[in-house]
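Here the structure is laid out as structure tokens; the discussion comes afterwards.
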Amino acid sequence: MLIQTPSGLDQLSVEQFLEKFHEPMKVPITRTDGQLLTPHLPPYAALRIDMTKAARKSPVKDAQGFVLADFGEAFSPAEEPRLNQDNHTLLPGQPPGTLFEPDAHVSPASDVWTMATAIREILGMKSPFSQHVPPNELLAEHLDVLGCESLPHDWRAIWERQEVDGESWEEFNQTFRRKRETTGISGEEESRAVLELMRGMLRYRPQDRLTADEVLRSEWMVKGALPQTG
């Protein structure tokens, strides 16, 4: 999900642009062997301008400038079947079935799981699962958060971990409530609705998750998120 640049940016002169965003920070370029740069290399690089903005500081009207970009990855499962092992979603957003059942087909339920992780990030919190861990550790985090009790029996034979340590679902809830003020969530009722929604989206079996239609008809979407979009 990308956000368009502020309107009027293209109309700024160089002087106005520098006044608004300041002079770029320059970093000298050097060779690792200590030798002089060859003539075709620039003497410095300019660091990019940081135009990031916290989600909680972005008015709802800014959502009209969002661009959903699939970078060539979108496909129709009915017309172009794809196996879980060919799922190109970034690992932290992949559901556990991708790793437990690599030869099963990707289904819309995979996107429901990924959407749940995105909702938590968009609300201003960290992703529920670590960004830079190997697959086995990611599966361990799934068990830490969702518990072992509901893990499908045929998956238990694959997963041999006996102990679960880390953030449980209850700790997940408590962390969410403690950080509620920074997420844009207005109160206990909305917190409950968000957590109930994510609980329905983050289920091990694809067929047990909420469908996209059920997500749109959930209490939080109907009473909280959708009305704000106008």
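No value in this document is a laboratory result; all are computed from the given coordinates. Nothing here was measured: the structure is a model prediction, and the numbers come from that model. Here Cβ is always computed from backbone atoms with ideal geometry, including for glycine, and neighbour counts include all displayed protein chains.
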Compute the distance in nm between two label points, each set 7 Å from the Cα along the Cα-to-Cβ direction, one at residue 188 and one at residue 223. 1.4
Taking the Cβ-Cβ separation of residue 131 and residue 79 as r and a Förster radius of 41 Å, what is the calculated FRET efficiency to the nearest 0.05? 0.80
